[in-house]
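> Okay, handing you the structure first.
Each value in this text was obtained by applying a stated rule to the coordinates, not by laboratory testing. Worth saying up front: this structure is predicted, and the values here are computed from it rather than measured. With ideal geometry, Cβ positions are generated from the backbone for all residues, glycine too; neighbour counts draw on all protein chains shown.
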Amino acid sequence: MARTGRPREFDRDKALNAAMTLFWAQGYEPTSLTQLKSCMGNISPASFYAAFGSKEALFREVVQHYLATYGQVMSPLWDENLIPRDAIERTLRGSARMQATRTHPCGCLVVSGASNCSPENKAVQALLAAERQRTRTGIRVCVERAIARGELRDCATTAALPDIFAIFFHGMTCEARDGMTSTHLDAAITSLLTLWDANALLTTP
């Protein structure tokens, strides 16, 4: 006898999480629609397009979902209740832990999700480049705030700190994907922050 009853409902949130994991692991271009539909519960093409519109539209939604979840490790950069050095340190250490965790793909989706794209997918590269620029801006704002507060010297060395921290942050993705643990990344962050401390000014409590 044929089975009857209502068909199982499409779990959009679960499908979005599955797509995020796949894009995070493989990157945008290597991930095919066939793979996406399979990991999202073997949904039909009609269900896929009705729910997400296109592969690029899905990726854009995935990026926003990632930023609202795993990407929240960057939020200290924008917290003006934190002193600037603490904001930088919390961001670096939180990101290191997140990127090295083995319960999801290693590294940062924003850094590696579209590292190699053909010309027709330049818009996807631009999307992630804009998010990486936002990180650079957040780091620079922290350094400039520390100088304005009299916590850092205003000199050529501190002018380079935003670039140094951004290069380190983006480089963590490569190291995490190559197997570096959060313990080793944390030790490297401790050493990196001595650049800040060497240029710190004594302040009166």
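> Determine, for Y70, Y28, Y49, the number of other Cβ atoms within 10 Å of each Cβ, and report the residues in order from fewest to most.
The fewest-first ordering by Cβ neighbours comes to Y49, Y70, Y28.
> Tell me, what ³J(HN,Hα) does each residue in the range 83-92 have, in order and in whole Hz, if you take phi through Karplus 6.51 cos²θ - 1.76 cosθ + 1.60 with θ = phi - 60° and put x for Gly and Pro?
Result, rounded to whole Hz: 5, x, 4, 4, 4, 5, 5, 4, 5, 5.
> How much mean residue ellipticity at 222 nm does the chain get from its helices, if each DSSP H run of length 4 or more adds -39500 (n - 2.57) and you divide by all residues, to the nearest 500 deg cm²/dmol?
-20000 deg cm²/dmol
> Report relative contact order for the range 79-198 in percent, whole number only (criteria: Cα-Cα under 8 Å, sequence separation at least 6).
Across the range 79-198, relative contact order equals 39 percent.
> Counting only C-alpha contacts under 8 Å and six or more residues apart, can you give the relative contact order of the range 12-65 as a whole percent?
Relative contact order, the range 12-65: 43 percent.
> Using only alpha carbon pairs under 8 Å that are at least six residues apart, calculate the relative contact order of the chain and give it in whole percent.
22 percent.
> For S75, S112, S54, which order do you get if you count the other beta carbons within 10 Å of each Cβ and list the fewest first?
Listing S75, S112, S54 from fewest to most nearby Cβ atoms yields S54, S75, S112.
> Also: If each of D178 and R102 carries a label point 7 Å out from its Cα toward its Cβ, how far apart are those two points in nm?
Label at D178, label at R102, 1.9 nm between them.
> Right, next: Take the Cα gyration tensor of the range 12-65, multiply each eigenvalue by 5, square-root it, and list the three semi-axes largest first, rounded to whole angstrom.
Here the semi-axes work out to 15, 12, 11 Å.
> Using only the Cα atoms of the range 102-205, what do you get for the radius of gyration and for Dmax, in Å?
Radius of gyration, then largest Cα-Cα span, for the range 102-205: 16.5, 56 Å.
> For q values of 0.14, 0.17 Å⁻¹, compute log₁₀ I(q)/I(0) with the Debye formula on a Cα-only model of the chain, without solvent.
One equal scatterer on each Cα of the chain leads to -0.86, -1.12.
> How far, in nm, would the chain grow between A46 and L193 when pulled straight, counting 0.36 nm per residue and subtracting the alpha carbon separation?
Computed gain between A46 and L193 is 47.8 nm.
> Enumerate the calculated ³J(HN,Hα) couplings along the range 46-53 in order (Karplus 6.51 cos²θ - 1.76 cosθ + 1.60, θ = phi - 60°), each rounded to whole Hz, writing x wherever the residue is Gly or Pro.
Residue by residue, the range 46-53 yields 4, 5, 4, 5, 5, 7, 10, x Hz.
> Using modelled amide H (1.01 Å from N, peptide plane; none on Pro or chain starts), what sits under 5 Å from the amide H of L152, excluding residues fewer than 5 places away?
Close amide H contacts, sequence-distant or interchain: I147, L201.
> Taking other Cβ within 10 Å of each residue's Cβ, how do K55, K37 sort, fewest first?
K37, K55
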